[in-house]
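The values are calculated or read from the model by the stated rules, or taken from the named source; none is laboratory data. The shown structure was predicted, so the numbers you read here are calculated from the model rather than taken from an experiment. Reconstructed Cβ throughout: ideal geometry from the backbone, glycine too, with neighbour counts over all protein chains shown.
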Amino acid sequence: MILDGEFTFRADRRSVWVLLQDPDVLVKAMPGAQRLVQTGDGTYEGHIRIGVGPVTAASWTLTVALHDREEPASYGMKVESKGPLGFTRGSASVELLDEPAGTRMKYRADMQIGGKVAGIGQRLLDQVARMLTRQGLEALSREMEARLSLSVGSASASVGVATAPTLDGELVTGGESEDAAEANPESGGPAGATSSSGDDDGASTEPEPPLAPGMPDEPAVVEDLDQELPPGTV
Amino acid sequence: MSGRYVGQSVLRNEDRRLLTGHALFVDDVRLEGMLHAAFVRSDHAHAEIRSIDVSAALEKPGVVAVYTAEDLGDYWRPGPLLVPPPPIEGIVFNQATQVPLAKGRVRHAGEAVVMVVAESRYLAEDAAAEIFVDAEPLEAVVDLERALEPDATVIHPQLGTNLAAHVVQRHGDYDDAKARAAHVVTRRFHYDRGIGGAIENRAVVARWDEQAQELTVWDTTQAPIPIRNGLAGMLGLMQSQVRVIAPFVGGGFGPKIMMFYPEEVLVPWVAMQLGRPVKWCEDRQENFFATTQERAQVHDAEMAVDADGRILGVRDTFIHDCGAYDPYGLTVPINSQCTLLGPYDVPSYEGEFRAVFTNRTTVTPVRGAGRQHGVFVMERLLDLAARLVGIDAAEIRRRNYLVQDDFPHDHKILFQDFQPLVYDSGNYRPALETALELIGWTGWAEEKRRAADEGRRLGIGVVSYVEGTGIGPYEGARVTVEPNGRVRVATGLGTQGQGHYTAFAQIVAEALDVDVADVLVTTGDTREFNWGTGTFASRGAVVAGSACHAAAQQVREKAVGVAARLLNVPESEVELAAGCARVRGEPERSLTLGELAMRANPLRGGVTPGTEPGLECTAYFGPDRGSTASGVHAVVVEVDAETAMAKFLRYVVVHDCGKLINPMLVEGQVEGGVAHGIGNAFFEQLVYDEQGQLMNASFADYLLPTSLDVPRVGMAHRETPAPMNALGLKGVGEAGCIPTGAAFAQALEDALDDYELEVREIPLSPNRLFELLRDAPRRTSPALSETHA
């Protein structure tokens, strides 16, 4: 399964870089993550708890190893998780680009899924992966907002803009409202999917629905797949 | 022989027990102190096992034992090769049979790696979840052609290749035929995997009785006697110390003839190790991974015909997917290779296949057992050739059928039973004409046009097939008249819903003239009958039925002899009627069969030397070779070109399984087969990703056809008796599902004849048909006239 897309943080590259390497932040960004500790330079271990459709929530071990780090521009990631219901393993690449409005993160992950979860959850996996990715990015963005408000002392309405990840390997460019809208037919309109212009979209001050990443013993069970978040707003 | 009982639609003896919930299934076996097994299965399709950590599982409450391959000691060994390769010249066969628990390497997702035994299944499952198998993934070999590429990862390193077999069979000179042909059709065809889909999954319960020194195993197997014999050998016991019971079984369809599944090997062993009964019942998830499957093949086929559409020759080269192991030898691909020839006169044939190992669940026969593929290829080639010649689908078949004078017909290649592929008998064309009449062939153009006026697209298809049935080696039966006058019949094969308790009772009732309900049949209990092979290849009625007939005839002779002595008349004066032996013309001088049974077993006095007591006889039947059943399927489908949804509107089967024992049972077999066939054609497909992960391992995603998808099947019986058994029987177990895909393909093309659509793959689905239609150009003129020109 290919998961790719991009997301714009309203912060400079170095701040985003630091954010993305901080296990205490990442644990909040990963839906269902219960623990994530740094075990070395660029390596992390932890547990997540996830269920998909008919696959009951279970605890998965998680290891993440970063490589080819070009601070603050790009890094690669190897991710492995394993649980009683199967495994996922894969690699991802993350690129951080300077933008007038902040930092644009481009990501592309190639994940293999095996075992029971592949056999029973397949029909739901693509959508669930999209949803969890979006939830995670939104959580990261909120974290960045919190940091900014601490350091700058002012909270803005929105600090991040996501374009929904696509699943067929096609990269959706954040600046092209037409393309983005095409890739997200569910979205309310092109405005919500554009990059920097979304900043002053006052209709989206609160994340919807409320996210609960990192809450202990709270499995991220996705039950209602029709529930689509409007992309691009937080 | 069509008689008072044989040939009648007698209601089933077994149904009272089944319908009132009193039939014993393996899961109903509950024993004191019984433990439960669960298995840790591989998440990977192909990986090296680095380590297995069972320590956490062992600490869980209620866990009694945990076993890895290493813990099995000498008991760990690869399973037997069930069917050795046939003696075909130049054959290559590489053997790699399944193992009880994976050691060193896993070769398909779902392969058993660790067995956990606990006080309950819940505890066993919970403990299994705590076991960590550290495995390093290897390239998963999924694609059949990829498997043969030189740089593909080898699944069984000791073989040095993923090639499991290479077989060439030929007769005549195809190259010469091709040189003389007016038309040559060349195409590639794909067939993909599905499951057997039995309602009851597999299950095994075992109990070791220390006092009796006896092992009892309840098993959903289709072959209880070979399971007993194999277990005795593996466990170092006498065969007489092992009793295998295959009670009522909720559907077999082939996967339950596979021997030995890991669970079948391990549960009896662990029951002996622990001295407590152990149960394992497969859940539906496991069934998708661990029970054998069938039918991925890729065919490159060619047919040469003359200007009139007569077949001059066929060449077919295909790759067959064995899955991870090949315990069942070459039965499936040889069935494909042979059954391709169908009911036709094929003067030259070149059939070649390569069987390959892949990192998917092992392939063994599933209802049809390879026949579908061959029939699909042949029937599709005929349809394509008919278009080139400018004749319709019925006509090209008429022109190519073997005719009455051709029998017995020798195709001069070897069949799955290692015997020459000889058709004993058949009469094909009348079956076609009946099917055409029943489906409405002559008025078809008008019906199709009327539907088109209403905006509906209808299509029709008609195809033929043969089914090699009733192969050896043998089955036996014992028939006993008990003192209460009722008759007991025991045979060694297992029953999975076919109606054996009724069909065999009818055969015995006919010989002894007793009520069918008074004949009690036992199958699938090795204590009741000691010899036999099993239920497969549509052979139960033919082979065991013939044994029942022979044993009943001997009992009849015995009864007549005893009655003649007691009534003091010559044997020729004695007749059997309504449960009595009586003097012909003097019905008041009679003895019941029960009285005869008692008198044949005296407590005092002498008996005639050389005789055996009681009214009991055992007989065996072993045919030289199988008998060839045949038939024609015709279908009308309605297709919505926008949604690509197809509906089966009418379905007709005209089949010939020789003499019918019970038309109602035959109709049930055919209807069930058609449901399987329709599922295989349009609903069911196992979808694997490139890593060998099965992606639709549940009935939410793997679609079985429902009662709404399967029409009532219109049926006509034809009876061309088989010459090689006394009752003239041929098998019918697989007839309903063999040509369904081919019929569906033809009907789709007819319904969508304004598209340049060729259906060269099965299974289809609405999604896949949608893609085919999206890619198919629209025709500018009707199909037939275009190709005719």
**Prompt:** Here are A:A101, A:A92: which of them is hydrophobic (A, V, I, L, M, F, W, C), within 21 Å of A:M131 (Cα to Cα) and in contact (Cβ under 8 Å) with a residue 12 or more places away in the chain?
**Reply:** A:A92
**Complete:** Taking segment B:50-60 and the residues there that are more than 13 Å from every other protein chain (Cβ to nearest Cβ) and of a type in the set (A, V, I, L, M), the one that is nearest to B:D689 (Cα to Cα) would be B:I52
**Message:** Given (1) surrounded by fewer than 16 Cβ atoms within 10 Å (Cβ to Cβ); (2) within 14 Å of chain B (Cβ to nearest Cβ), identify the lone condition not met by A:L85.
**Reply:** (1)
**Prompt:** From the list B:D308, B:D321, B:D300, which residue is surrounded by fewer than 24 Cβ atoms within 10 Å (Cβ to Cβ), in a strand (DSSP E or B) and of a type outside the set (V, I, T)?
**Reply:** B:D300
**Message:** Between A:L19, A:L36, A:L3, A:L26, which is of a type in the set (A, V, I, L, M, F, W, C), in contact with a strand residue (DSSP E or B) (Cβ under 7 Å, 6 or more places away or on another chain), assigned to a helix (DSSP H, G or I) and buried (at least 19 other Cβ atoms within 10 Å of the Cβ)?
**Reply:** A:L26
**Fill in**
Checked segment B:731-745 for anything closer than 14 Å to B:V652 by Cα and either among the acidic types (D, E) or assigned to a loop (DSSP other than H, G, I, E, B) (or both); matches are B:A735, B:G736, B:C737, B:I738, B:P739
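Yes/no matrix, rows are residues, columns are (1) closer than 30 Å to B:D701 by Cα; (2) within 17 Å of the chain's Cα centre (by Cα); (3) part of a strand (DSSP E or B); (4) among the aliphatic types (A, V, I, L, M):
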position: A:S59; (1), (2), (3), (4): yes, no, yes, no
position: A:H67; (1), (2), (3), (4): no, no, yes, no
position: A:G76; (1), (2), (3), (4): no, yes, yes, no
position: A:E95; (1), (2), (3), (4): no, yes, yes, no
**Request:** Return the only residue of A:E70, A:E45 being more than 12 Å from chain B (Cβ to nearest Cβ) and either farther than 30 Å from B:V106 by Cβ or among the basic types (K, R) (or both).
**Result:** A:E70
**Residue count for segment B:115-149, restricted to those that are within 30 Å of the chain's Cα centre (by Cα) and within 14 Å of chain A (Cβ to nearest Cβ)** = 2
**Asked** Within segment B:568-580, is even one residue within 25 Å of B:P602 (Cβ to Cβ), assigned to a helix (DSSP H, G or I) and not polar (S, T, N, Q)?
**Response** yes
**Asked** Among (1) surrounded by fewer than 20 Cβ atoms within 10 Å (Cβ to Cβ); (2) assigned to a loop (DSSP other than H, G, I, E, B); (3) not polar (S, T, N, Q), which single condition is B:V6 missing?
**Response** (1)
**Asked** Is it the case that B:N767 is in contact (Cβ under 8 Å) with a residue 24 or more places away in the chain and within 14 Å of another protein chain (Cβ to nearest Cβ)?
**Response** yes
**Item:** Candidate set: segment B:80-114, residues that are more than 24 Å from B:L421 (Cα to Cα), assigned to a loop (DSSP other than H, G, I, E, B) and among the aliphatic types (A, V, I, L, M); chosen: the one nearest to the other protein chains (Cβ to nearest Cβ)
**Value:** B:A109
**Message:** Taking the condition of being part of a loop (DSSP other than H, G, I, E, B), closer than 29 Å to A:M1 by Cβ and more than 14 Å from chain A (Cβ to nearest Cβ), how many residues in segment B:649-703 meet it?
**Reply:** 1
**Request:** Residues being over 26 Å from the mean Cα position of the chain (by Cα) and either in contact (Cβ under 8 Å) with a residue 12 or more places away in the chain or within 20 Å of A:P84 (Cα to Cα) (or both): count how many of those fall in segment B:85-114.
**Result:** 9
**Request:** Could you figure out which of (1) buried (at least 23 other Cβ atoms within 10 Å of the Cβ); (2) at pLDDT 95 or above isn't true of B:D515?
**Result:** (1)
**Fill in**
A careful count of residues in segment B:188-231 that are small (G, A, S), more than 21 Å from B:T291 (Cβ to Cβ) and in contact with a helix residue (DSSP H, G or I) (Cβ under 7 Å, 6 or more places away or on another chain) gives 0
**Item:** Extreme residue, nearest to the other protein chains (Cβ to nearest Cβ), among residues of segment B:704-738 that are in contact (Cβ under 8 Å) with a residue 40 or more places away in the chain and of a type in the set (V, I, T)
**Value:** B:V710
**Count of segment B:377-408 residues which are more than 30 Å from the chain's Cα centre (by Cα), assigned to a helix (DSSP H, G or I) and basic (K, R)** = 1
**Item:** Residue that is surrounded by 24 or more Cβ atoms within 10 Å (Cβ to Cβ), among the polar types (S, T, N, Q) and touching a residue at least 60 places away in the same chain (Cβ under 8 Å), where the choices are B:T491, B:T495
**Value:** B:T495
**Asked** Are there any pairs with C-beta distances below 6 angstrom linking a residue in segment A:55-67 that is modelled with pLDDT of 80 or more to a residue that is assigned to a strand (DSSP E or B) and among the polar types (S, T, N, Q), with the two at least 6 apart or on different chains, and if so which?
**Response** A:W60/A:S81; A:L62/A:S81; A:A65/A:T43
**Request:** Tell me which residues, restricted to segment B:31-49, are more than 14 Å from chain A (Cβ to nearest Cβ) and part of a loop (DSSP other than H, G, I, E, B).
**Result:** B:L31, B:E32, B:G33, B:M34
